[in-house]
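Every number here is computed from the coordinates shown, using simple stated rules; none is lab data. As the structure is a prediction and not an experimental result, all values here were calculated from the model. Positions of Cβ are backbone-derived with ideal geometry, glycine not excepted, and every protein chain shown enters the neighbour counts.
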Amino acid sequence: MSLIDFAVPGIAGLKPYKSGKSVEDLKRESGITDAIKLASNENPFGPSPKALAAARTKLEKVSVYPDGNGYALRKALAEYHGLDADFITIGNGSNEILELVARLFLAPGRQSVFSLHAFAVYSIVTQASGADAVVVPVKKGSCQVDLDRMLAALSDRVHVLFLANPNNPTGTWLTAVELRDFIARIPPQVIVVLDEAYFEYVDKQGYESAVQWVADFSNLLVTRTFSKIYGLAGFRIGYSVSRPELADLLNRVRQPFNTNLPAQAAALAALDDVGHVRLSREKNLAGMDWMESAFNAMGLSWIPSAGNFICVDFKREAAPINDALLREGIIVRPLASYGLPDCLRVTIASESENEHFIRALKKVI
């Protein structure tokens with residue numbers, strides 16, 4: 001007998017989540033000291049100086065527990081979205097919100113639905129709960145989510161539907177018209193988790209956030225994060241917006257003091273620094289245009305993206321290219337585990353880092 005035989009159903013088939021290789025990993029493995037990481041969609045320009053300053057003011061107080069309800073941050077987020085604070089749930093990153101939803105609504109005999117090429121955590125939290133995942137194919141000839149097929153996949157066993165807009169790792173997006181119509185057709189017993197981790201980066205016609213729709217749909221929950229454009233990935237803080245009835249359920253299973261004191265302070269200050277967000281967004285858009293042009297000049301295919309990353313499709317197995325890039329000190333994200341073995345996902349970084357990546361890519365291919 002093995003200890004895994006005593007674990008709850010679903011755990012035996014799980015593998016630990018494999019995050020992107022870090023600069024420290026590459027240095028330890030290969031001795032490369034000047035590596036750049038373009039694998040995890042972090043903000044290359046870092047957090048707001050205001051956020052860092054706010055976090056520092058709390059360091060001498062870390063001997064006491066933080067506000068377990070995140071009152072100040074929830075109040076600020078509610079004002080930011082024009083809603084009541086009862087609509088806001090604070091999480092240890094938006095990933096924790098995904099796990100809380102699974103704990104509430106998934107169990108053996110139940111199912112979740114999400115698209116092929118979706119964020120890996122949807123599958124992980126589903127399987128860890130003992131539920132089954134229904135993975136819906138994308139539209140033929142593209143990586144675009146097929147909403148009609150998702151609707152067709154619904155059954156009495158389905159209790160959660162995960163959908164990211166924009167999607168990670170492909171960067172594809174849905175317009176407000178098609179998305180709202182889709183949500184309106186979802187039965188009320190199915191919780192719709194709309195992941196908007198990359199919302200602040202989007203500059204696409206017809207796109208809009210679904211946050212304001214929660215007042216109209218009792219089964220809609222929208223997640224956001226401070227890990228991306230706000231540059232606070234290391235603090236692990238995010239949140240969700242939902243009707244108070246759903247937020248109340250989340251709080252019943254949410255751990256006490258799930259977000260730390262410096263993180264709450266940093267997120268509060270980051271939310272207020274609109275200039276830093278605007279600058280990060282503008283630099284990302286410029287970097288995206290430059291990267292697309294560079295790929296075109298090299299004759300490479302890529303997936304149009306609304307996030308701060310872009311997937312390049314080499315039309316052949318990308319693992320050898322990824323390995324060669326690592327030897328050049330460039331860390332990107334291979335996507336074989338997402339069903340895209342020919343693709344590498346690349347974070348849009350600073351101008352010098354983007355240029356460094358393209359020089360290395362030209363060398364290895």
Worksheet item: What list do you get for Met291, Met1 if you sort them by fewest beta carbons within 10 Å?
Response: Met1, Met291
Response to the item:
Over the chain, the sum of -39500 (n - 2.57) across DSSP H runs of at least four, divided by residue number and rounded to 500 deg cm²/dmol, gives at 222 nm -11000 deg cm²/dmol
Worksheet item: Out of residues 5 or more away from Ile191 or on other chains, whose amide H comes under 5 Å of its own, with H placed 1.01 Å from N in the peptide plane?
Response: Val160, Leu161
Discussion item. Within region 279-298, list the residues whose amide N lies under 12 Å from a label point set 7 Å along Cα→Cβ of Asp203.
Written reply: 279-290
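Which of the pairs Lys15/Lys283; Lys315/Lys363; Lys21/Lys228 have their Cα atoms more than 29 Å apart in this structure?
Listed pairs above 29 Å: Lys15/Lys283.
In what sequence do His159, His81 fall when counting other Cβ within 10 Å, fewest first? Working shown, then result.
Values: His159 22, His81 18.
In order of increasing Cβ crowding within 10 Å: His81, His159.
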Response to the item:
Dipole check, the chain, charges on Cβ (K,R +1; D,E -1), about Cα centroid: among Leu52, His81, Leu26 the Cα furthest to the positive pole belongs to Leu26
Practice prompt. For region 42-112, state which chymotrypsin sites (Phe, Trp or Tyr not before Pro) are in a DSSP loop and have at most 16 other beta carbons lying within 10 Å of their beta carbon.
Written response: Phe45
Worksheet entry | Relative contact order of region 49-273, defined on C-alpha pairs under 8 angstrom at six or more residues apart (%) | 30
Discussion item. Can you compute the charge dipole magnitude of region 49-273 about its Cα centre, using +1 on each Lys and Arg Cβ and -1 on each Asp and Glu Cβ, nothing else charged? Give it in debye, rounded to the nearest 20.
Written reply: 460
Worksheet item: Taking H as built 1.01 Å from N, whose amide H comes closer than 5 Å to the amide H of Leu300, not counting residues under 5 places away?
Response: none
Fill in: Other-chain or far-sequence residues with amide H under 5 Å of Val134's (modelled H)
Ser112, Val113, Phe114
Worksheet, complete the sentence: With Asp146 itself left out, Lys, Arg at +1 and Asp, Glu at -1 over residues whose Cβ is under 9 Å from its Cβ give +2
Discussion item. Only bridges whose two residues both fall in region 49-273 count here: according to DSSP, what percent of them are antiparallel, nearest 5?
Written reply: 35
Worksheet item: With a 10 Å Cβ neighbour count serving as the proxy for reagent exposure, in which order, fewest first, do Thr126, Thr175 appear?
Response: Thr175, Thr126
Practice prompt. Would you mind counting up the charge near His356? Only other residues with Cβ under 13 Å from its Cβ, with Lys and Arg at +1 and Asp and Glu at -1.
Written response: -1
